[in-house]
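First the structure, in the form of C-alpha cells, and then the observations on it.
All of the numbers you see were taken from the coordinates with simple rules; none came from a lab. Values in this document were obtained by computation on a predicted structure and should not be read as measured data. All Cβ positions, even for glycine, are placed from backbone atoms using ideal geometry, and neighbour counts span all protein chains on display.
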Amino acid sequence: MGTIGIDLARHPSYHVLPGDGSIPPRALLWHLDPSILRHDLSEMLRETIARPLLYLRKELHDRVSWRVIVICLVCSPPAFLEMRSLFHIWFLETGMCSVLELCTAMVSSVLDVLLEPMAWGISMELGQKFPFTHAYFPSQQRDLLAILTGPISCRRFMDLVSCIEAMVCLEG
C-alpha cells in the first residue's frame with residue numbers, strides 16, 4: 001500500500017484541484033494511508049520553521065501546493081480532525097510556537113474556505129458538497145471558537161475570560 005501511495009503522490013493530478021467539482025485525489029489518498037497526511041503537514045511545518053517571518057494565511061492562499069492541502073482538509077472533516085490532533089501532539093512534544101502558529105493559520109483558512117469557497121478558486125459544485133462546520137468542530141463551544149479565531153484585542157481577551165468563567169461556573 002505504501003508504494004502505491006508514493007506513486008500516486010508523485011502523480012501530477014495529486015498537486016492540483018480537479019476542475020469537475022469532484023473530491024481531490026489527495027483527500028482520498030489520505031483515507032487510504034494517513035502517513036501521507038502526516039508527511040504533507042510535516043513538510044509544511046518544515047517550511048514554516050525554516051522561514052519564521054512567513055505570513056502563513058497569505059501563503060496558504062497563494063501557494064498552490066498549500067492551497068490544495070487546505071481545500072483537501074475542507075473536503076475531508078476526518079482528515080481535518082487528524083490534522084488538529086497531529087499539530088496538538090507535535091506542539092506538546094516540541095513546545096515550538098511554529099506548530100501552534102501553523103495550526104492556527106490552517107484552522108483559520110479552513111473556516112475561510114467554508115465561508116467563501118469561490119475566493120479560494122473552488123468550483124460551485126465542489127463548494128456545495130462541503131459539510132457544515134459542526135463536522136469540523138464537533139464541540140459545543142461555538143462562542144469560544146469565534147473568540148479564538150477573531151482578531152486579538154483587549155475586548156476579545158475580556159470576552160475570552162468571561163466565556164471561560166461561565167464554563168467553569170457551569171461545570172462547578
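The packing ranking of peptides 81-88, 68-75, highest mean first, is 68-75, 81-88, where packing means the average number of other beta carbon atoms within 10 angstrom of each residue. Percent of C-alpha pairs per 5 Å bin in the stretch 24-88, short distances first: 4, 17, 29, 28, 16, 6, 1. Computed log10 I(q)/I(0) for the stretch 80-136 at 0.17, 0.19, 0.24 Å⁻¹: -0.62, -0.72, -0.93, from the Debye equation with unit scatterers placed on every C-alpha and solvent omitted.
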